[in-house]
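A quick write-up on the structure given underneath.
Here, each number is a calculation from the coordinates, and none is a lab measurement. Just so it is clear, the structure is predicted and the values come from calculations on it, not from any experiment. Counting neighbours? That spans all protein chains shown, and the Cβs are built from the backbone with ideal geometry, glycine included.
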Amino acid sequence: MAENQQAAAGNENQNQAQFALQRIYVKDLSFESPNSPMVFQEQWKPQVSLDLNTAHTKVSDNQYEVVLSLTVTTKIDEKVAYLVEIQQAGVFVVAGIEGPQLGQMLGAYCPTILFPYAREAIDGVVNKGSFPALMLAPVNFDAIYAQALQRKQEEAAGEAGAEQKAH
């Protein structure tokens with residue numbers, strides 16, 4: 001009887017949601033300052049733009065690599081002062097989570113964990129480029145993920161509507 005209870009407990013543990021961070025690393029990092037040293041003589045009133053993207057791939061049964069890609073372009077007037085591109089990645093163990101919850105985990109929760117590491121790496125490389133510190137504002141990945149889902153649903157509805165009109 002005790003063996004049956006242990007076996008049942010083992011099955012329950014397998015079905016429970018599991019999440020673990022295994023590794024965080026910089027997958028790719030690039031810094032360019034195409035207009036230096038002349039840009040250092042300009043009055044420092046930068047226009048900063050941030051582009052970000054997330055992607056994930058399944059590494060094994062319960063392991064996923066999540067990659068947060070950030071591109072920071074800083075201009076003075078129309079001249080590029082510097083451009084930083086980083087792919088901050090992590091390997092996460094996710095088990096017992098499927099469907100929309102898995103999408104939310106990989107598309108919002110994991111990038112939220114990775115962002116501070118990317119922000120620190122960007123700040124460090126910008127300082128090494130002899131520019132003032134750049135501390136990026138926090139990003140709401142839950143909102144970005146929700147917007148992406150809504151866009152996909154609208155596109156799918158639009159395509160379905162176009163197919164119905166074609167018939």
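Okay, here's what the table says:
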| item | result |
| --- | --- |
| Sequence of 28, 61 once ranked by neighbouring C-beta atoms within 10 Å, starting from the fewest | 61, 28 |
| Whether segment 13-109 is rounded, prolate or oblate, judged on the alpha carbon gyration tensor where a/c under 1.5 counts as rounded | prolate |
| Reachable lysines, given that their alpha-carbon falls under 22 Å from the alpha-carbon of residue 75 and they are not under 8 places away in the same chain | 45, 128 |
| Order of 67, 93 - criterion: other Cβ atoms within 10 Å of each residue's Cβ, fewest first | 93, 67 |
| Taking 25, 64 and counting other C-beta atoms within 10 Å, the order from fewest to most | 25, 64 |
| Acute angle (nearest 10 degrees) that the helix 110-128 long axis makes with the longest principal axis of the chain, alpha-carbon atoms | 20 degrees |
| Pair residue 20, residue 101: separation of 7 Å Cα→Cβ label points (nm) | 1.9 nm |
| Only Lys, Arg (+1) and Asp, Glu (-1) charged, at Cβ; segment 18-152 dipole about Cα centre in debye | 80 debye |
| Max mean-square fluctuation residue, GNM over the chain, Cα-Cα springs under 10 Å, options 141, 40, 115 | 40 |
| Computed over segment 18-152: relative contact order in percent, which uses C-alpha pairs under 8 Å that are six or more apart | 27 percent |
| Prolate/oblate/rounded label for the chain (Cα gyration tensor, a/c 1.5) | oblate |
| Estimated FRET transfer efficiency when R0 is 22 angstrom, pair residue 78-residue 151 (beta carbons, to 0.05) | 0.10 |
| Helix 2-15 axis, angle to the chain major axis (alpha carbon atoms, nearest 10°) | 30 degrees |
